[in-house]
Amino acid sequence: MDAELLEFELRRASVGFVARRVDTRDEFQRAIADFSPDVILADYSLPGFDGMTALRLAKQSAPVTPFIVVTGSINEETAVGCMRAGASDYLLKNNLARIGPAIEAALERERARAERRAAEAALRRSEANLRAIFHNALQDFVLLDRRGVVLTLNKAASNWANWVTGRDVQEGDVLVDLLPGGIAQEWAGFFDRALAGETIMIERRVTSATGTDRWFEANLIPVVAEDGGIIGVCLSVVNIAERKRTEENLRRVERLQAIGRLAGGVAHEVNNMMTVVLGLSEFLLHDLAPADHRHEDVAEIARAADRAANITRQLLAFSRQQVMQPRLLDLNAVVQGTQGMLGRLLGPGYTLRLNLVPMLSSVRADPSQLEQVLLNLVLNARDAMPGGGTITVETSSVMLDDDYMRRHAGVEIPHGAYNAVIVTDTGCGMERDIALRVFEPFFTTKPLGEGTGLGLSTAYGIVKQTGGYIWVYSEPGLGTTFKVYLPAFADPATPPRDLVRETPSGGHETLLVVEDEEMVRLLACRVLRERGYTVHEAAHGAEALELLSRTPLLPDLVVSDVVMPTMGGREFGTRLRERAPDLPVLYMSGFTGEDVVRRGLLEPGVPFQQKPFHPDALAKQVRDLLDARKVPRGV
């Protein structure tokens, strides 16, 4: 009857429900397990079973389910005992009208408690995640209070602090008291600014307790409380040594590229002038008897011009604009082939050792240029040992991968198989700032007049143009090592070919020389006329086309400069092919063949003569092109 009365009051209070009535301990426990009630209404007194026992069982099996005690009579002490035992509320049977609000209130309290429990669990998870992130982050984090006392620090920060201070830094330490004097004074100023609300970002090279240097970026961020007050500072530290190294390499590459562009332009102008000096010197030498006192003067002029031309070739090699004739080579054979020459150049007091790894794969390079690289590196090593010493030339086969890059800071090249030639000396070595500049043209530590500063820059340019990489490692007092990496090829090396020098013959064909530099034009015309050719001349492409329009016979060959005013070589060649598709044209320029193609001044593969040239070189090119003609040219 009491249960029916409760259900009646629930329906009257418009509470939707499904009810189950039990009156024994076993039934109660089964109902909790399979019925899973949202609310438990229990009489305080039951035959053989009482409400307080039910309450204890409910707290064990369904601790979050609201438990409301319903009784006919209960005193204040008993009510308090029920509430302390975990009851949500209690009702008197003579006031069951309150059952609806009581259940709603109990359910609302439980919902609020559930939400609070969920929020607390989420907060605990969030705090655990933040702790995990904080303590396992690669970036260093230190939390400090307003006095600079360490509140907490992660593992990375502990390692950094140990490196700087030489001791373990723990919570409760005053960080500024542990820092070296110079750093501590600066740090105190930054810390005060952060406490004033400023976010500080600084980059510094820091010296550790053991004397080693590293670059770090430090950020000091004010920690703001809910009320807006600053309660401390968060210090984050990042090791930026790799970034600094990358920035330094980038600046170095940009500097070398700018110098390379300048070198190419200078070489073009100098090559035009040296063409004239070399050519006229050779004419004078032919006209002067060896006994003539002027013969040696002219010979000295020719030698000086040759040296000037060689400097331009080195500049072009540095800027990767040198004319290359690469083929597959045996690196060991190249090194062994230079051994005798290097030994003679080194002289007494120096020991040259070769340590060559057998069965190397091939490399693709210009053999003379590769010999030049080896010569420059060995001579540089000799100059670093004025009192004599040992120079070791080694070869090796290496596979460059991530592990190799990590062990060789500063070597940034594509992964793969390489052959290396390594030149090591026992000389004085270099400071790091000098080692970073050794490949710059005209940079030298030698006294004035004892070096051009182009040897290593030439080696750098040749290696880069070959598709390889050159790297230097040096320590003051411990010598220097240069490593040249060249991509390895599986194909066999090409055997060396003997070069036979021939004096070029002349002919009786008709030629047209097109050149805007008057001295160069006069020289080229003289060279060709003295070899029997009939030569016409023009100052630029437009003048040449006008000359051809007035001439009933086409020339057998045209020699044309590339860069000219009014009409340049490429446009002139295009117009000329429209008139005579089979007419051969030999182009010449102070720029290299690769450079004029890259600049869009010529198409790839056209006949080309690099300035400066000796008269015999021009004559041979002309003769070879004329002899290669398959169909005689008619009217």
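Can you put Val206, Val15 in order, fewest other beta carbons within 10 Å first? Mind showing how you got there, number by number?
Values: Val206 19, Val15 16.
Ranked by crowding around the Cβ, least crowded first: Val15, Val206.
Test of understanding: extend the Cα→C-beta vector of Glu217 to 7 Å, then name every residue of the stretch 118-139 with backbone N under 15 Å from that spot.
In the stretch 118-139, the label zone of Glu217 (backbone N under 15 Å from the point 7 Å along Cα→Cβ) covers 138-139.
For the chain, give the magnitude of the charge dipole about the Cα centre (Cβ charges: +1 Lys/Arg, -1 Asp/Glu; no others), in debye to the nearest 20.
Using only the charged Cβ atoms, the result is roughly 620 debye.
Taking GluC sites (Glu not before Pro) that fall in a DSSP loop and have at most 11 other Cβ atoms within 10 Å as cut points, what is the longest piece of the chain between them?
The longest uninterrupted stretch comes out as 227-430.
Extending each Cα 7 Å along its Cβ direction at Met359 and Ala333, get the distance between those two points in nm, one decimal.
The answer from the label model is 1.9 nm.
Compute the longest continuous run of the chain that contains no exposed chymotrypsin sites (Phe, Trp or Tyr not before Pro); treat a site as exposed when its DSSP state is not H, G, I, E or B and it has at most 16 other Cβ atoms within 10 Å.
Within the chain, the longest run free of exposed chymotrypsin sites (Phe, Trp or Tyr not before Pro) spans 36-441.
For every other residue with a beta carbon closer than 15 angstrom to the beta carbon of Thr53, add +1 if it is Lys or Arg and -1 if Asp or Glu, then tell me the sum. Intermediate results must be reported in sequence, preceding the final value.
Numbers: positive: Arg25, Arg56, Lys59; negative: Asp23, Asp26, Glu27, Asp43, Asp50.
Taking every Cβ under 15 Å from that of Thr53, the sum is -2.
Residue farthest toward the positive end of the dipole of the chain, with Cβ of Lys/Arg at +1 and Asp/Glu at -1: which of Ile230, Ser281, Asn159?
Ser281
Give the calculated FRET efficiency between Leu262 and Asp168 to the nearest 0.05, with a Förster radius of 41 Å applied to their Cβ-Cβ distance.
About 0.15, to the nearest 0.05.
How large is Rg/Rh for the stretch 510-627, to two decimals, with Cα atoms and a Kirkwood Rh?
Radius of gyration relative to Kirkwood radius: 0.92.
What order do you get for Lys59, Lys611, Lys464 when you list them from fewest to most C-beta neighbours inside 10 Å?
So the residues, fewest neighbours to most, are Lys59, Lys464, Lys611.
Quick one: length gained pulling Met201 to Asp582 fully straight, 0.36 nm per residue minus the C-alpha distance?
The Met201-Asp582 span can extend by a further 130.2 nm.
Around Asp23, under 13 Å between beta carbons, what's the net of Lys plus Arg minus Asp minus Glu among the other residues?
Surrounding charge for Asp23 is -1.
Helix 76-85 sits at what angle to the longest principal axis of the chain, using alpha carbons and giving 0 to 90 degrees rounded to 10?
30
Quick one: Karplus J couplings for the stretch 377-393, per residue in order, coefficients 6.51, -1.76, 1.60, θ = phi - 60°, nearest Hz, x for Gly and Pro?
Once θ is set to phi - 60°, the couplings for the stretch 377-393 become 5, 5, 5, 5, 5, 4, 5, 7, 10, x, x, x, x, 10, 10, 10, 10 Hz.
Angle, helix 25-34 long axis vs. longest principal axis of the chain, Cα atoms, 0 to 90°, nearest 10?
30
For the stretch 327-489, what number results from the quotient of the Cα radius of gyration and 2.2 N^0.38 Å? Each step should come with its number before you reach the end.
Values: Rg = 15.2 Å, N = 163, 2.2 N^0.38 = 15.2 Å.
My calculation over the Cα atoms of the stretch 327-489 gives 0.99.
Could you work out how much longer the chain between Met52 and Val224 gets when fully extended? Use 0.36 nm per residue separation minus the Cα distance between them, nm to one decimal.
Result for the pair: 56.8 nm of gain on full extension.
What list do you get for Ser397, Ser549, Ser368, Ser560 if you sort them by fewest beta carbons within 10 Å?
Ser549, Ser368, Ser397, Ser560
Straight-line reach from Lys155: which aspartates and glutamates have a Cα under 13 Å away, not including same-chain ones fewer than 8 places off?
Hits, sequence-local ones excluded: Asp140, Asp168, Glu171.
Across the stretch 482-487, in residue order, what do the Karplus-derived ³J(HN,Hα) couplings come to in whole Hz, using 6.51 cos²θ - 1.76 cosθ + 1.60 with θ = phi - 60° and x for Gly and Pro?
Running phi through 6.51 cos²θ - 1.76 cosθ + 1.60 with θ = phi - 60° gives 10, 10, 10, 9, 10, x Hz.
If each of His508 and Leu288 carries a label point 7 Å out from its Cα toward its Cβ, how far apart are those two points in nm?
Here the modelled spin labels are 3.6 nm apart.
Which FRET efficiency value, to the nearest 0.05, is calculated for Arg344 and Thr534 with the Förster distance at 56 angstrom and r the Cβ-Cβ distance?
Details: r = 48 Å, r/R0 = 0.86.
The pair Arg344/Thr534 has a calculated efficiency of 0.70.
At q = 0.12, 0.18, 0.19 Å⁻¹, what log₁₀ I(q)/I(0) does a Debye calculation on the Cα points of the stretch 26-132 give, no solvent, two decimals?
So the normalised log intensities are -0.48, -0.90, -0.98.
Lys and Arg at +1, Asp and Glu at -1: add these up for the other residues within a Cβ distance under 13 Å of Asp34 and post the number.
Within the 13 Å Cβ shell, the charges total 0.
Would you mind checking which residues have amide H under 5 Å from Gln609's amide H? H placed 1.01 Å from N; only 5 or more apart, or other chain.
Tyr587, Met588, Ser589
Using 7 Å Cα-to-Cβ label points, what is the Arg131/Leu250 separation (nm, one decimal)?
That separation, rounded to one decimal, is 4.0 nm.
Once fully extended, how much extra length lies between Phe17 and Gln60, figured as 0.36 nm per residue of separation less the alpha-carbon to alpha-carbon distance?
Net length gain for the segment: 13.1 nm.
Within straight cross-link reach of Lys244, meaning Cα distance under 12 Å, which aspartates and glutamates are found once same-chain residues fewer than 8 apart are removed?
Glu203, Glu217
Using a Förster distance of 60 angstrom, determine the FRET efficiency expected from the C-beta separation of Leu123 and Ala490, and round it to 0.05.
So the FRET efficiency works out to roughly 0.40.
If you wrap a convex hull around the C-alpha atoms of the chain and split its volume per residue, what is the figure in Å³? Numbers along the way, then the final one.
Working: hull volume 222.3 nm³, N = 635.
It comes to 350 Å³ per residue, whole-number rounded.
A short reminder: the numbers here are calculations on the coordinates, not readings from a lab. All of these numbers come straight from a predicted model, not from anything done at the bench. Using ideal geometry, Cβ is built from the backbone for each residue, glycine included, and neighbour counts are taken over all protein chains shown.
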